[in-house]
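Trainee: Got a structure here, written out as structure tokens. Questions coming.
The values are calculated or read from the model by the stated rules, or taken from the named source; none is laboratory data. Since the structure is predicted, the reported quantities are computational estimates derived from the model, not experimental observations. Cβ sites come from the backbone with ideal geometry, for glycine too, and all protein chains shown count toward neighbours.
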């Protein structure tokens, strides 16, 4: 049960990040290697808003002691604001140049968080962050409650993202991704579409950052590193780039494996044997899945769905089903 709760909670947080990246990369074709920066902005904005005022022993100067919902809004606003600032220079670039620039901005932001102790409390960070609704439940029951909250948030986010990406906006993003020149000739505002996708993904990342503070109850600079970005990219590739359901499946698969290994590693004998080969096992799983299904979990879902569809029956050389239904032909002039 502890393993399942950990997978739902932490996997749900990474599922949100993977959905955010799927909007940017899977639909708009934006290679964002700085997704951890917007995740970090959301986490710190939430904490600064909900933390009580500092005491004489604290280095930070701002703690507004606001309710949870204000912190969540602040997390979204902070992530979107940072995306708007960095998006102006980044989105002028394409391909690997965009990837390198977003990665550079993430590193700069991480250094900024570490060195602005008056705002972020420096390397000490924030400890003992209060979890929402924790006072209304027993401590042993709260992890299940938190898993339920995050699970519902993932479901709601998935439905919103699916609704948006299945509409005209999503189709415009796919047109931009597949052929930018054709999209421009069709009258699409390419710069506006790219920025909207970038901001939309950042907003989801900000929410994920706030949820991460609920899960860890600690926020410090060493928690937010480039490995988070790489984990999200691996999860999206495992799930299937361009598939919202695949994004969630990929995050669940990867985080589920990592959490299983982590729990097994509490046994000293198993830890000694698995610790050194965990990365190799992850890489092998990655290779096998992409070998079997290059499109990731989304391709497997598609195969299963097609296998359950009824067989239309044999067809004649013209492609017309040769069943028992009568064929009606139209006469000329009718």
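Trainee: Among the numbered criteria (1) modelled with pLDDT of 90 or more; (2) over 20 Å from residue 210 (Cα atoms); (3) in a loop (DSSP other than H, G, I, E, B), which single criterion is violated by residue 132?
Mentor: (2)
Trainee: A further question follows. Evaluate the following for residue 105: is it touching a residue at least 60 places away in the same chain (Cβ under 8 Å) and either surrounded by fewer than 15 Cβ atoms within 10 Å (Cβ to Cβ) or within 18 Å of residue 229 (Cα to Cα) (or both)?
Mentor: yes
Trainee: Now, a different point. Confirm whether residue 6 is buried (at least 24 other Cβ atoms within 10 Å of the Cβ), under 24 Å from residue 221 (Cβ atoms) and in contact (Cβ under 8 Å) with a residue 24 or more places away in the chain. Working first, answer last.
Mentor: Numbers: buried (at least 24 other Cβ atoms within 10 Å of the Cβ): no; under 24 Å from residue 221 (Cβ atoms): yes; in contact (Cβ under 8 Å) with a residue 24 or more places away in the chain: yes.
Judged against the criteria, residue 6 is not a match.
Trainee: Here are the criteria: (1) farther than 21 Å from residue 108 by Cβ; (2) under 28 Å from the mean Cα position of the chain (by Cα); (3) touching a residue at least 60 places away in the same chain (Cβ under 8 Å). Tell me which single one residue 70 does not satisfy.
Mentor: With (1) farther than 21 Å from residue 108 by Cβ; (2) under 28 Å from the mean Cα position of the chain (by Cα); (3) touching a residue at least 60 places away in the same chain (Cβ under 8 Å) applied to residue 70, the lone miss is (3).
Trainee: Hey, among 154, 161, 219, 207, which residue is at pLDDT 95 or above, in contact with a strand residue (DSSP E or B) (Cβ under 7 Å, 6 or more places away or on another chain) and surrounded by 13 or more Cβ atoms within 10 Å (Cβ to Cβ)? Explain how you work it out, then say what you get.
Mentor: Numbers: 154 fails: in contact with a strand residue (DSSP E or B) (Cβ under 7 Å, 6 or more places away or on another chain); 161 fails: in contact with a strand residue (DSSP E or B) (Cβ under 7 Å, 6 or more places away or on another chain); 207 fails: in contact with a strand residue (DSSP E or B) (Cβ under 7 Å, 6 or more places away or on another chain).
Result: 219 is the single residue among 154, 161, 219, 207 that is at pLDDT 95 or above, in contact with a strand residue (DSSP E or B) (Cβ under 7 Å, 6 or more places away or on another chain) and surrounded by 13 or more Cβ atoms within 10 Å (Cβ to Cβ).
Trainee: Continuing with this model, one more query. Quick check on region 82-98. Is at least one of its residues surrounded by fewer than 20 Cβ atoms within 10 Å (Cβ to Cβ), touching a residue at least 60 places away in the same chain (Cβ under 8 Å) and farther than 30 Å from residue 177 by Cβ?
Mentor: no
Trainee: With respect to residue 28, determine if the residue is closer than 15 Å to residue 125 by Cβ, in contact with a helix residue (DSSP H, G or I) (Cβ under 8 Å, 6 or more places away or on another chain) and surrounded by 23 or more Cβ atoms within 10 Å (Cβ to Cβ).
Mentor: no
Trainee: Grab the helices (runs of 4 or more DSSP H) fully contained in region 244-334, keeping just those with 2 or more residues being modelled with pLDDT of 80 or more and touching a helix residue (DSSP H, G or I) at 6+ places or on another chain (Cβ under 6 Å). Even if it seems obvious, please write down each step before you answer.
Mentor: Values: elements: 244-264, 268-274, 278-292, 297-308.
Answer list for region 244-334: 244-264, 297-308.
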